[in-house]
Amino acid sequence: MKVTFLGTGSGKTSLKRFHSSLLFSLNDYNLLIDAGDGISRALLNANVNYNSINGILFTHLHPDHFTGLGALIVQMKMFNRVGPLEIYIYEKYVEDVNSFLLRCNIIPEKMDFKILYKPFSDKDEFTVNDELKILPRENSHLSGLKRYIQYSNRTFYAASFLFSHQNKRILYTADIGSADDLGLFKEFEVDVLISEITHITISELSEKIKLFRFPKTYLTHITDGDEAELAQSIKNLIISEIKVELATDKQTFEF
Ligand SMILES: [Zn+2]
Ligand SMILES: [Zn+2]
């Protein structure tokens, strides 16, 4: 499996980094993780054919993770897609995503391909393409919004994911609420941590890396203004033998 960082930026729009998004390239299946504002350009930038994407998994619905979906589906249509597109989404968000697409004037009868919703429930492992296992667990990123539930007749939900592939595991935090969320999968041995670095500090992160013994960490969701300081902190961590890397757009690793 190959992992590509399509975007490594935070919620702040940047000319240096696209919003956070990953591409997992399996044997014959490409899974996009998040499709925020500008995702179509991020895919162009990384030379990824829109119609090579078989499925999209969403972590949560903030615009930097979600609102590029309508534009991306329109690109797929303009490039004559015929194969179905799977959308892996928290079960209580299916209706919201469906109505968002309808409001983008994406009408099922006018499409040459099907959009197949694959709802997941919190804490229930599911499998993509018979080879990638995904365990979602709710983190505290959107906990502060729960008191505004009257604006969302269902829920506010953000997930971190544990991906298992051929006995190896990647933990992807996605956007979190605090460093405590890094312990959501503490009973598992993790090979690679991909962590956001907007809502936690590098010192909180390094504590958790030591505590949970993450052997290798990639940082994403990086704000331009924080980059120089982060790079310096990472140099110090490497001296103390903590393996952390600031990811860049288009960077890949084999897994
Ligand atoms: Zn974000
Ligand atoms: Zn967010």
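With the highest mean first, a sort of the peptides 103-114, 158-169 on other beta-carbon atoms found within 10 angstrom per residue produces 158-169, 103-114.
Helical content of the chain, expressed as a calculated mean residue ellipticity at 222 nm, amounts to -6000 deg cm²/dmol (DSSP H runs of 4 or more residues, -39,500 (n - 2.57) each, divided by residue number, nearest 500).
Volume per residue, Å³, of the convex hull around the alpha-carbon atoms of the stretch 174-245?
Taking only Cα atoms, the stretch 174-245 has a hull volume of 75 Å³ per residue.
Computed from the Kirkwood radius of its Cα pairs, the Stokes-Einstein diffusion coefficient for the chain at 25 °C and 0.890 mPa s stands at 132 µm²/s. Within a straight-line Cα-Cα reach of under 16 Å, LYS250 can be paired with the following aspartates and glutamates, leaving aside sequence neighbours fewer than 8 residues apart in one chain: ASP34.
Partner aspartates and glutamates whose Cα lies under 19 Å from the Cα of LYS210, excluding those fewer than 8 positions away in the same chain, are identified as ASP180, ASP181, GLU187, GLU189, ASP191, GLU196, GLU241, GLU245.
Figure legend: label point modelled 7 angstrom from the Cα of LEU102 along Cα→Cβ; no residues of the stretch 119-160 have amide N under 12 Å from it. In straight-distance terms, cross-link reach from LYS133 covers every one of the lysines whose alpha-carbon lies under 23 Å from its own, apart from those fewer than eight places away in the same chain; here that gives LYS2, LYS92, LYS118, LYS123, LYS168, LYS186, LYS216. Here the stretch 65-200 is described by how far its Cα atoms reach on the three principal axes: 46, 41, 25 Å, from widest to narrowest.
Rolling a 1.4 angstrom probe over the protein heavy atoms with all chains in place gives the stretch 1-99 an accessible area of 39 Å² per residue.
Distance between the 7 Å Cα→Cβ label points at GLU245 and SER52: 2.0 nm.
From the alpha carbon centroid of the stretch 1-53 to that of the stretch 127-189 is 19 Å.
Surface composition of the chain: carbon and sulfur make up 48 percent of the accessible area, probe 1.4 Å. Potential lengthening of the chain between ASP124 and THR201 amounts to 24.8 nm, from the contour at 0.36 nm per residue minus the alpha-carbon distance.
The values are calculated or read from the model by the stated rules, or taken from the named source; none is laboratory data. Predicted model, so just to flag it, every value in this text is computed and none were measured. Cβ sites come from the backbone with ideal geometry, for glycine too, and all protein chains shown count toward neighbours. The protein model used for the area step is the full one, side chains on, heavy atoms only, and it has no ligands, DNA or RNA in it. Shrake-Rupley method; radii C 1.70, N 1.55, O 1.52, S 1.80 Å.
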